[in-house]
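Each value in this text was obtained by applying a stated rule to the coordinates, not by laboratory testing. None of these values were measured; they are calculated from a predicted model. Please note: Cβ atoms are built from the backbone with ideal geometry, for glycine as well, and neighbour counts cover all protein chains shown.
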Amino acid sequence: MCDIVNSYILHIKMPPCAQPIVYAHFRRRVTYCMARAQVAPPRNKGLRQAIRNVACCLRFTPSRKRSSAVRGSLAIWCDPIETEIDGHAPKIELHFNMWQDLPQDNAALDVGFRIKEARTIRQLHFYIPAEISLDRVTDLSTVLKNKNTISAIFNNVLKIGSENSLTYQVKNSNDKVYLRVVYIDFEKHLSIFHLKDGDNTDGTVLTFNDSLFQNLDEVGDYYIRLRLKFGRKELYKLFASKFDAEEKLFISVFSRTDIIEFRVNEKRNFSNTLRSNIPNMFFPDISAIHFLLARRVDVELIKSHADFRKMRKLEPNIWDHYLEQFGKVPSEMVIYHWREIAQPGASVDDFMALAIFRKFIPNFGLYALALALFGGLGSAVQGTLAALLKQITEGKQTTELTIQLSALVMLGLALLGLYDRIRKNRSENGDV
């Protein structure tokens with residue numbers, strides 16, 4: 001630490017009268033900040049690195065890179081019944097709705113399972129690479145029991161039919177059974193298991209068990225739909241990355257780029273914990289995967305992995321009932337729809353959706369701070385030059401030069417630290 005301060009003092013050719021004051025101030029500030037940040041004093045690795053280390057300490061943060069969020073793939077697999085039904089294999093269609101811009105920092109991922117051969121399944125498993133408790137999981141069967149809502153979900157004209165204790169019918173305009181929506185009893189039908197990697201939770205497995213499937217014995221499609229509730233930042237860390245404009249210190253409004261990555265059954269992205277705990281997965285035939293992403297209209301889609309099938313504005317009157325637990329949903333939202341449909345006789349082995357969005361973020365507070373620092377720095381430069389000229393002309397040392405020079409150094413380091421912090425946090429995840 002002494003080498004750092006001494007190198008800096010010598011580099012700027014500080015007058016001897018100013019050295020004790022600046023040295024004592026740096027020593028106290030650096031020692032205090034390093035103790036607060038719990039990092040060891042940095043060694044001298046050149047003047048440039050030394051100044052950066054001092055600047056890092058002055059802003060009360062350790063000089064180290066932040067780790068990025070760990071993300072992986074969702075996974076769906078099943079345990080088939082022991083006795084095969086000739087000509088029938090487990091077959092599922094998957095629906096995912098990601099709601100990222102809900103009120104009060106809420107976010108949600110809705111997951112729908114349209115099971116086409118329920119009689120061939122003993123248990124169905126769904127894995128998400130995050131820690132989810134059962135109180136954050138909601139069965140949406142009662143929410144779907146509304147003709148406008150169910151019609152919006154399947155983009156079809158549908159109505160509600162008869163029901164029993166386990167399911168209710170959904171019929172089309174020809175009065176034929178379109179599918180049966182299943183009521184999920186969390187105590188009987190659903191279990192939850194957390195995969196552990198040491199002391200950390202690697203992910204969560206939700207299992208629909210055999211007490212559910214042994215009662216789904218009628219011919220036709222069955223539908224299960226759950227909602228996983230997140231905080232907005234939590235969902236963001238799971239599926240997204242952000243990159244801010246590096247020059248945002250100098251502008252009042254800057255652009256932020258969001259990259260949304262959504263994967264299903266991408267085996268190379270399964271965690272080692274998932275592989276080791278469940279080495280032998282039986283994957284059902286997946287006939288189609290639909291992924292709907294809802295964003296505010298002021299967030300601009302600039303690129304995606306493939307052309308979306310459909311883009312439409314969120315219809316408030318239709319979706320209000322479906323999203324009523326989150327309060328008043330913004331009317332200015334856009335839904336993007338990507339899908340992959342299997343060829344006849346084939347299955348969708350995996351799915352990946354990547355979308356890049358851009359939005360503009362107000363930056364008035366940071367911009368004003370930067371202007372104030374630049375203004376103060378300019379005044380300090382002028383004051384230092386004036387004090388230096390006065391000292392040269394009068395031929396004697398004054399405390400005015402020491403004060404002006406100290407102010408110049410501190411303002412310069414503050415501005416350098418502010419810029420360095422912005423640059424290092426440019427690609428940090430989750431701060432939305």
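Using the Cβ-Cβ distance between ASP197 and ASN280 with R0 set to 22 Å, the FRET efficiency from 1/(1 + (r/R0)^6) comes to roughly 0.65. Once the gyration tensor of the Cα atoms in segment 80-204 is diagonalised, the equivalent ellipsoid follows with semi-axes of 28, 23, 13 Å, ordered largest first. The modelled label-to-label distance between ASP105 and LYS171, using points 7 Å beyond Cα along the C-beta direction, is 4.8 nm. One quarter of the convex hull surface built on the alpha carbon atoms of segment 169-299 amounts to 13.5 nm², the projected area averaged over directions.
Using 0.36 nm per residue and subtracting the Cα-Cα separation, the extra length available between GLU332 and ASN155 on full extension is 61.7 nm.
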